[in-house]
Amino acid sequence: MAISLTKFFAIPLMLTMCSTIFRSGSSSVFHYPAVFNFGDSNSDTGELLAGKGFRLPLPYGETYFQSPSSGRFCNGRLIVDFLMEAMGKPHLRAYLESVGRPSFRKGCNYAAGGSTVLPATAASVSPFAFGVQLNQFLHFKDRVLRLPAKGNKKVNKLLPVEKSFKKGVYMFDIGQNDLTAAFYSKTPLDQAIPTILTEFQTGLQRLYENGARHFWIHNTGPLGCLAQNIATFGTDPSKLDEFGCLISHNQAANLFNSQLHALCKTLQSQYADATVTYVDIYAIKFNLVANYSQLGFEQPIMTCCGYGGPPLNYDNRITCGLTKTLDGKVVTAKGCNDSSKYVNWDGTHYTEAANEYVSSQILTGKYSDPPFSLDHKRPFFLKF
């Protein structure tokens, strides 16, 4: 079901206002020509589908795209989609997308569902770990810079211009799957997190050495508030906080985020000619869960698309959109009647309504380091 435009009076107003300000020729001019995104399913716009033929059934995509073929792990748009819209840019196409003459003029998306910062293993859902995504980008950049010499004007119109690679924005939203893997493997967090962040820092260094100068880094959200984790690790009520979230998983997310923040501060000093912006996604998402009713939602944790009914409507034996025989009965993990009332979509990912809220809060600038405001200091991707 489509999201009501009047559900959150402040959210559409904020997105519309930002979009207007961002695109107004009289008051602002973008000084970046493209966006390059790296991550996991939180910002995958079709990479896993294109790269592995991973199929998402309806009701994935039903709210906005009217089809699951966009490859998004959501009923509609992701945070990255709302940010691109607010910046007056088209939605990012997946790097491996080959159908429909995809245009990468304004950027490219390498994020793939299931991806990790650490190298993939044989058991990994996605082979497109952070290092592979970086290799894809570097190959893409090399090919783009070589093509103009051949004078193919039709092809060049679909690709970024050379200045895009230095002046473009490099966005990151990855690490959630690494932390989840640490819990399943029972790897001590004091060992896992430094290893993850060392790998991440190495990747950022590679990009910097290849001309990247604008970095936009999302931290990880409250993993303990995801129905999948609660169903697996939260059978003991004493392990849950007052909001029904797993204490251990949220502590892990906060530990990871504090060290990621410290890394960003180091990079801000180290890369004197670059901009490194850290965005506190955790704070935004946890506020949404904790204050869901004031923000117009009815279900902060229970999944919209799942099976099993309250309190979680989640069963790890059957995922959203599938039909299986469980306990001798044919069942289907169906979508809810009104996704705009739910924060969680399928147990792991957020609904379009929740993504819209998160995006609106990102655009306030108060969750960023360094912070910005629409009235004073703007984000690095704008100049006035």
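The values are calculated or read from the model by the stated rules, or taken from the named source; none is laboratory data. The shown structure was predicted, so the numbers you read here are calculated from the model rather than taken from an experiment. Every residue, glycine as well, gets a Cβ built from its backbone with ideal geometry; the counts of neighbours run over all protein chains shown. The area values use the complete protein model at the heavy-atom level, side chains included, leaving out ligands, DNA and RNA. Shrake-Rupley method; radii C 1.70, N 1.55, O 1.52, S 1.80 Å.
Before moving on, here are some points about what is shown:
- Cβ separations smaller than 7 Å between residues 6+ apart or across chains give the following pairs from the range 66-87 residues that are free of Cβ contacts under 8 Å to residues at least 40 places away in the same chain and assigned to a helix (DSSP H, G or I) to residues that are surrounded by 24 or more Cβ atoms within 10 Å (Cβ to Cβ) and of a type in the set (Val, Ile, Thr): Ser70/Thr45.
- Members of the range 118-129 that are closer than 14 Å to Ser41 by Cβ and among the β-branched types (Val, Ile, Thr): Val125
- Matching residues, the range 303-338, being open to solvent by less than 20 Å² (accessible area, probe 1.4 Å) and out of contact with any Asp or Glu (no Cβ under 9 Å at 6 or more places or on another chain): Ile318
- Residue count for the range 84-128, restricted to those that are more than 30 Å from Ala182 (Cα to Cα), surrounded by 24 or more Cβ atoms within 10 Å (Cβ to Cβ) and among the hydrophobic types (A, V, I, L, M, F, W, C): 1
- Ala353 vs. criteria farther than 22 Å from Gly168 by Cα, open to solvent by less than 50 Å² (accessible area, probe 1.4 Å) and of a type in the set (Gly, Ala, Ser): yes
- Selection of the range 339-349 for residues being outside any loop (DSSP other than H, G, I, E, B), hydroxyl-bearing (Ser, Thr, Tyr) and open to solvent by 20 Å² or more (accessible area, probe 1.4 Å) yields only Tyr342.
- Within the range 199-244, the set of residues being more than 21 Å from Lys186 (Cβ to Cβ) and among the hydroxyl-bearing types (Ser, Thr, Tyr) comprises Thr202, Tyr208.
- Condition broken by Leu158, with the remaining ones in (1) in a loop (DSSP other than H, G, I, E, B); (2) under 29 Å from Gly365 (Cα atoms); (3) at pLDDT below 95 satisfied: (2)
- Residue within the range 369-377 that is in a loop (DSSP other than H, G, I, E, B), modelled with pLDDT under 95 and of a type in the set (Phe, Trp, Tyr) present: yes
- Filtering the range 116-131 to residues that are of a type outside the set (Ser, Thr, Tyr) and either part of a loop (DSSP other than H, G, I, E, B) or closer than 14 Å to Ala192 by Cβ (or both) leaves Val117, Leu118, Pro119, Ala120, Ala122, Ala123, Val125, Pro127, Phe128, Ala129.
- Test result for Phe165, out of contact with any strand residue (DSSP E or B) (no Cβ under 6 Å at 6 or more places or on another chain), in a helix (DSSP H, G or I), at pLDDT 95 or above and farther than 21 Å from His261 by Cα: yes
- Flag if Ala262 is among the aliphatic types (A, V, I, L, M), without any contact (Cβ under 8 Å) to a residue 12 or more places away in the chain and farther than 19 Å from Pro310 by Cβ: yes
- Selection of first residues in the range 311-331 that are among the aromatic types (Phe, Trp, Tyr) and of second residues that are part of a loop (DSSP other than H, G, I, E, B), restricted to Cβ pairs under 9 Å at least 6 apart or on distinct chains, gives the following pairs, ordered by first then second residue: Tyr314/Met302; Tyr314/Thr303; Tyr314/Tyr307; Tyr314/Gly308; Tyr314/Ala333; Tyr314/Asp346; Tyr314/Gly347.
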